[in-house]
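*Asks:* Mind looking over this structure? Questions follow.
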């Protein structure tokens, strides 16, 4: 419903009908939870920090934290939110893929060498005898096949092209950053509250993933051993601990 239509409708209701009785505790509210929330002028994350004017709670996970003033305009807020959701999704994949590669890379390499005679693949792990994967801090990135880098570049380019096509004619007020219309399993709820919960869960897990992948890299660099060796309780059966 357009804003002008809504105002006309509400005006007619006020003129032609008596005011409704105040809601009781037993009367459920039909207003979405996101609309019922009154934003404070201070950040939720740091109570003494003032909430920037453009952080209005429109996007899930908005706690009013922007000390460097990245979101100085609605357009910049949209740009940085789009970047955040992309990095968040990639970090969630990486947070799972990093330890999985340490667990199964050597096994997969051995299987492929047996299945495809003549390939003579070598494990992607470092050659120092540890289970660490190549990274900017661990080194070893020069040993990764250029075909793999080409594959990653192709996937990233395809996703970005899709995003550009979707957001080319985006409207700052209606466009949801990261929404490419991809939901083959139909997991995105149809109601507003459900969608808000799903969006909040995604951005929270994504932010945690970005912290986790940074922690992986720093931990392996500092200790010289893989994540699966430092935290075996998460990656090995209890009887092997």
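The values are calculated or read from the model by the stated rules, or taken from the named source; none is laboratory data. This is a predicted model, so every value here is computed, not measured. Ideal geometry is used to build each Cβ from the backbone, glycine not excepted, and the neighbour counts take in all protein chains shown.
*Asks:* Take the conditions at pLDDT 80 or above and under 22 Å from residue 62 (Cβ atoms) and apply them to residue 187. Does it pass?
*Replies:* No; evaluated as a whole, the condition is false for this residue.
*Asks:* Considering only region 48-75, state which residues are within 19 Å of residue 173 (Cβ to Cβ) and without any contact (Cβ under 8 Å) to a residue 12 or more places away in the chain.
*Replies:* Result: 53, 58, 62.
*Asks:* A follow-up question, please. Select from region 211-230 the residues that are under 10 Å from residue 99 (Cα atoms) and not in a helix (DSSP H, G or I) and list them in ascending order.
*Replies:* Passing the criteria: only 226.
For every residue, the table says whether it meets (1) part of a helix (DSSP H, G or I); (2) at pLDDT 50 or above; (3) surrounded by 11 or more Cβ atoms within 10 Å (Cβ to Cβ).
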site	(1), (2), (3)
5	yes, no, no
28	no, no, no
40	no, yes, yes
46	no, yes, yes
57	no, yes, yes
64	no, yes, yes
77	yes, yes, yes
95	yes, yes, yes
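*Asks:* Among what's in region 206-241 and is farther than 24 Å from residue 126 by Cβ and surrounded by 16 or more Cβ atoms within 10 Å (Cβ to Cβ), pick the residue that is farthest from the chain's Cα centre (by Cα).
*Replies:* Only one residue fits best here, namely 207.
*Asks:* Let me ask you something else. With the structure loaded, tell me whether residue 162 is modelled with pLDDT of 85 or more and surrounded by 10 or more Cβ atoms within 10 Å (Cβ to Cβ) or whether it fails that test.
*Replies:* No, not satisfied.
*Asks:* Mind counting the residues in region 101-131 that are at pLDDT 85 or above and either more than 27 Å from the chain's Cα centre (by Cα) or surrounded by 12 or more Cβ atoms within 10 Å (Cβ to Cβ) (or both)?
*Replies:* Looking only at that region, the number is 3.
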